[in-house]
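Trainee: Okay, handing you the structure first.
We did not get these values from a lab; they are worked out from the coordinates using the rules stated. Bear in mind that the values here come from a model prediction, so they are computed numbers and not experimental data. With ideal geometry, Cβ positions are generated from the backbone for all residues, glycine too; neighbour counts draw on all protein chains shown.
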Amino acid sequence: MSLLLSTLRASAFAARSSAPVFGEFATRVVSASYSSTSSDASTTATPADSASQQQPDATAAAEAAAAKAAELAAQVEKLTQQLKEKDIKFSELTDHYKHALADAENLRQRTKREVENAHHYAVTKFAKDVLSIGDVLAMALSTVKSEQLADNKPLRDLHEGLTLTSNELHATLHRHGVMRIDATEGDKFDPKLHNALFQAPVPGREPGTLLQVTKSGYMIHGRVLRPAEVGVVQDLSS
């Protein structure tokens, strides 16, 4: 472009000397070319100026975006901490709830057992007193010999009446959970079921076995109401 301008200027100068009309035309061409060059230079400089003006705007936008991101990060951290606290609180409440359920279940089971025990063993004292009546009837029946009953009808009738009374008494006790402990001579002594009144050495008998049952024992709903009173064969080796 500079070379073109130099050529046009030289031609204009030469034309002025020879022909005034051509000189005026050349002058106009040079002026137009110069104006076009100036306009192109002005147009070329515009993007640089725009870039310099847009740079502060881009920096401000980046700073605003960074500030927004920091704010969002702080909110996320705060919400995360709140969520952790809620989780801890929920875990504590869950533990309290489970403990409360366990306590309530234990209380229910304990209350149920107490009600059952009250129902089963409410007659314990009364049953012990009734057992004394059964002991008296058993002693009365044991004093009568079988040969005496054969020739004595009134005694036989009395004996039958006492036997029926004893059987009915034990049937009534059985309906209320009172059971007789099976204890016979020769059984192994059990301190949970038997109460040893005496010991005696007996040749030919196994030590630690029952020698005699003096009074029957009873249980009420699996619990010993009264142990059987027995005599035990003594161990001479000790």
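Trainee: Rg and Dmax of segment 176-238, using alpha carbons, in Å: what are they?
Mentor: Spelled out, the Cα radius of gyration and Dmax of segment 176-238 are 12.4, 45 Å.
Trainee: Another question about this same structure. Taking a ≥ b ≥ c as the square roots of the Cα gyration tensor eigenvalues, with a/c under 1.5 meaning rounded and otherwise prolate when a/b beats b/c, else oblate, which class fits segment 118-236?
Mentor: Here segment 118-236 falls in the oblate category.
Trainee: In nm, give the distance between the simple-model label positions of Ala150 and Asp190, each being 7 Å from the Cα along the Cα-to-Cβ direction.
Mentor: Those two pseudo-labels are separated by 3.9 nm.
Trainee: Identify all lysines with a Cα-Cα distance to Lys68 below 23 Å; exclude those on the same chain that are fewer than 8 residues away in sequence.
Mentor: Counting by Cα, and skipping residues close in sequence, Lys68 has these lysines nearby: Lys78.
Trainee: Given the peptides 73-84, 135-146, arrange them by the average over their residues of other C-beta atoms within 10 Å, most packed first.
Mentor: Most protected by this proxy first, the peptides run 135-146, 73-84.
Trainee: Also, quick follow-up: How would you classify segment 135-191 from its alpha-carbon gyration tensor, with a ≥ b ≥ c the square roots of the eigenvalues: rounded for a/c under 1.5, else prolate if a/b is greater than b/c, otherwise oblate?
Mentor: Here segment 135-191 falls in the oblate category.
Trainee: Regarding segment 75-177, what are the three Cα extents along the principal axes, ordered largest first, in Å?
Mentor: So the extents along the principal axes, rounded to whole Å, are 111, 18, 14.
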